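Asker: The following block contains the structure, expressed as structure tokens.
The values are calculated or read from the model by the stated rules, or taken from the named source; none is laboratory data. Since the model is a prediction, treat every value here as computed from it, not as a measurement. As a convention, Cβ positions derive from the backbone with ideal geometry for all residues, glycine included, and neighbour counts pool all protein chains shown. Just the protein is used for accessible areas: all its heavy atoms, side chains included, with ligands, DNA and RNA removed. Shrake-Rupley method; radii C 1.70, N 1.55, O 1.52, S 1.80 Å.
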Amino acid sequence: MKKKATIAVVALALVLCFAIGGTLAWLVDKSDAVVNTFTYGDINIDLSETTGNEYKMIPGNDITKDPKVTVDANSEACWLFVKVEKSANYADYLDNYTIADGWNELDGVAGVYYREVDATTAKAGTSYQVLKGNTVTVLDIVEKSDMEAIKNGTTAKPTLTFTAYAVQKDGFNTAALAWAKIK
């Protein structure tokens, strides 16, 4: 009888443990997952000119040139640069050009101009003219003998070269710091 009583007590204890354990509730929760996806930023620019790249010089005449830099749509905010290089004999034939409004000359770097392109403008894509009035002027003091020297190859043709660059705005608080990253 003692054995039955012990088994009955153990069985009752087990029933009580299951009953009490079953009524104990643990507070448990789980959040929804937050997935971080890392994509890329990008800057794309184009430099174009619709007037070609060979021009006939006539003393005193304006030559239409329309170089423009385009920041393509969906680009990041950037520092936009244009470098203008004149050949050694440029000033012998052509008057100095004027840079279009909105460009600033970079201190200490001859022939380099910049502008800041904000995120909204960069996302939309925008074009910027480089030369004010889209012209350069042939000097009126150029003579036929000067032109003959070019024609027979004793003097090089004068050139004006444009190169555009863009550097992300984020991380560079001045144009000079951004320009330093261009190699």
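Asker: Residues of segment 32-183: accessible area per residue at 1.4 Å, in Å²?
Answerer: Using a 1.4 Å probe on heavy atoms only, each residue of segment 32-183 averages 62 Å².
Asker: When the chain is treated as a GNM, springs tying every alpha-carbon pair under 10 Å, which of Trp26, Trp103, Trp79 comes out with the largest mean-square fluctuation?
Answerer: Checking each option, the largest mean-square fluctuation is seen for Trp26.
Asker: For segment 57-65, just list the computed ³J(HN,Hα) in residue order, Karplus coefficients 6.51, -1.76 and 1.60, θ = phi - 60°, integers in Hz, with x standing in for Gly and Pro.
Answerer: Going residue by residue, I get 8, 10, x, x, 8, 7, 10, 6, 9 Hz, with x marking Gly and Pro.
Asker: Return the sequence-ordered ³J(HN,Hα) values of segment 72-77 in whole Hz as given by the Karplus equation 6.51 cos²θ - 1.76 cosθ + 1.60 applied to θ = phi - 60°, using x for Gly and Pro.
Answerer: Going residue by residue, I get 5, 4, 6, 7, 7, 4 Hz, with x marking Gly and Pro.
Asker: What nm distance separates the two modelled labels at Asp46 and Asn89, each placed 7 Å from Cα along Cα→Cβ?
Answerer: 3.4 nm
Asker: Keeping the other protein chains in place, figure out the carbon and sulfur percent of the accessible area of segment 29-183, with a 1.4 Å probe.
Answerer: Heavy-atom surface of segment 29-183 belonging to carbon and sulfur, 1.4 Å probe: 47 percent.
Asker: Quick one: which residues, 5 or more positions from Ile63 or on another chain, have an amide H under 5 Å from its amide H? H modelled 1.01 Å from N in the peptide plane, none for Pro or chain starts.
Answerer: Amide H to amide H, under 5 Å and 5 or more residues apart or across chains, Ile63 pairs with Val136, Thr137, Val138.
Asker: If you don't mind, another one. Using only Cα atoms and rounding to the nearest 10 degrees, what angle (0 to 90) does helix 2-23 make with the longest principal axis of the chain?
Answerer: Approximately 30 degrees, to the nearest ten.
Asker: Let me ask something else about it. Considering only the other residues whose Cβ falls under 12 Å of the Cβ of Met147, what net charge follows from Lys and Arg at +1 and Asp and Glu at -1?
Answerer: Net charge around Met147: 0.
Asker: Would you pull out the residues with amide H under 5 Å of Glu76's amide H, same chain only if 5 or more places away, H placed 1.01 Å from N?
Answerer: Asp42, Ile43, Asn44
Asker: With charges only on Cβ, +1 for K and R and -1 for D and E, what is the dipole size of the chain about its Cα centre, in debye, rounded to 20?
Answerer: For the chain, the charge dipole is close to 1800 debye.
Asker: If you average the sequence gap of Cα pairs under 8 Å that are 6 or more apart and divide by the length of the chain, what percent do you get for the contact order?
Answerer: Dividing the mean separation by the residue count of the chain yields 29 percent.
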